[in-house]
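Q: I am attaching a structure below and will ask some questions about it afterwards.
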Amino acid sequence: MIGAGMDQTADGELAILVSGRDQPGTLYQLTRVIWEHRANIKSVDISPAPSGLARIYLELEAVSNPAGLLSDLATLEVVESVEQTPTFAKIYGKRVIVIGGGAQVGQVALGAISEADRHNIRGERISVDTIPLVGEANLAAAVRAVARLPRARILVMAGALMGGEITQAVREVREQGIIVISLNMAGSVPEAADLVVSDPVQAGVMAVMAIASTATFDIRRQQGRRY
C-alpha cells in the first residue's frame, strides 16, 4: 500500500516511511531500489513495529521520479506499506542541544524554548533538546555525540564546573561545525567555547538567536566574548 503523498521539494528531497518485514535483507532491498533510481540517502532510522515488522524512515535527495520510486518500493515482497511524509527538518527544524547539570539545564531551556516560540510563530522551525548529566566521562561522551545528531546546530554547556575530557570534546564538535555556548563556570570548558554567557536564561535565548533565520544575531561577531 502506498500512503497519500505530498509535493516533492524543489531540490529533489523526499522523506518516506516504510513498514517492512523485520528480517535480514530488508534494508538491502530498499537501498537497491533507491540506488536504481539514482537517489541519495541523507538519513535513515529503523524502529521496531508490532507483528514482526519494522518502521524504516528514510530521507532522500536527488529524487527525480518520486511516484516511480514509491511504486517500486511498494512492489517489494518485504514491504507492507510505503508512505511519503514531511522531513524532520520541516517538522522539528534545527536543534538546540543543552547538556549539563539539572538546575542550569532547566534555566537554559527556559530561555531557549521561550525564544524558539517567538521565532517559530514567524515560520522558523527550532526545537530544544536537553539532558542533565553528571560525571566527566558521561558529559564528554554526550558532547561528542552531538555531532552525530541529525539537525543539531548549536550546543549549550550548562554547568558549574567542567573541564578535562569535556573540554577536548567541545573542541572536537566545534571542528565539526557545531556552535558551542558555555555558561560562565569554573573549569576550562568556557575557554574552548565560541561564546560565554553568565545568565543561563540569556544563554538559551542567544543560542536560538544564533541559528534562527528570522534573527539578526551573528555569533561570528561574538567569538571569544564573555557576557
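Q: Could you calculate, for segment 14-86, the ratio of the Cα radius of gyration to the Kirkwood radius, expressed as Rg to Rh?
A: 0.92
Q: Follow-up question, since we're still on this one. Quick one: which residues, 5+ away or cross-chain, put their amide H under 5 Å from the amide H of Ala15? H built at 1.01 Å from N.
A: Those qualifying (amide H under 5 Å, at least 5 residues apart or on another chain) are Leu60, Thr85.
Q: Determine the sum of side-chain charges near Pro150: Lys and Arg each +1, Asp and Glu each -1, restricted to other residues whose C-beta is under 12 angstrom from that of Pro150.
A: Result for the local shell: +3.
Q: What are the ³J(HN,Hα) values, in whole Hz, obtained from phi via the Karplus relation 6.51 cos²θ - 1.76 cosθ + 1.60 with θ = phi - 60°, for each residue of segment 79-86 in sequence order, with x given for Gly and Pro?
A: Those phi angles translate into 9, 8, 7, 9, 9, 7, 10, x Hz.
Q: Ok, one more. Could you work out the per residue convex hull volume over the alpha carbons of segment 71-123, in cubic angstrom?
A: Considering the Cα atoms of segment 71-123, their hull volume per residue is 129 Å³.
Q: Return P(r) of the chain (all Cα-Cα pairs; 10 Å bins starting at 0; whole %; ordered from short to long distances).
A: Reading the bins upward from 0: 8, 29, 25, 21, 15, 2.
Q: Explain nothing, just compute: Karplus ³J(HN,Hα) = 6.51 cos²θ - 1.76 cosθ + 1.60, θ = phi - 60°, for every residue of segment 51-62 in order, whole Hz, x for Gly and Pro.
A: 6, x, 9, 9, 9, 10, 9, 10, 10, 10, 9, 6
Q: Oh, and also: What's the exposure ranking of Ile56, Ile219, going from fewest to most Cβ atoms within 10 Å?
A: Ile219, Ile56
Q: Per DSSP H run of n ≥ 4, the term is -39500 (n - 2.57); total these for the chain, divide by its residue number, and report the mean residue ellipticity at 222 nm rounded to 500 deg cm²/dmol.
A: My calculation for the chain gives -10500 deg cm²/dmol from helical runs alone.
Q: Taking every DSSP beta bridge that has both residues in the chain, what percent is antiparallel when rounded to the nearest 5?
A: 50 percent
Q: Right, here's the next one. Compute the Rg to Rh ratio over segment 92-222 from the alpha carbon atoms, using the Kirkwood formula for Rh, and round to two decimal places.
A: 0.93
Q: A further question on this structure: For the chain, take the longest principal axis of its alpha carbons; what is the angle in degrees between that and the long axis of helix 136-146, to the nearest 10 within 0 to 90?
A: It works out to around 50 degrees.
Q: Test of understanding: express the Cα radius of gyration of segment 10-136 as a ratio to 2.2 N^0.38 Å, with N the residue count.
A: 1.35
Q: List the residues whose amide H sits under 5 Å from the amide H of Asn184, counting only those 5 or more places along or on another chain, with H placed 1.01 Å from N in the peptide plane.
A: HN-HN under 5 Å from Asn184: Val197, Ser198.
The numbers here are math on the coordinates, done by the rules we state, and not lab data. Bear in mind that the values here come from a model prediction, so they are computed numbers and not experimental data. Note that each Cβ is placed from the backbone with ideal geometry, even for glycine, and that neighbours are counted across all protein chains shown.
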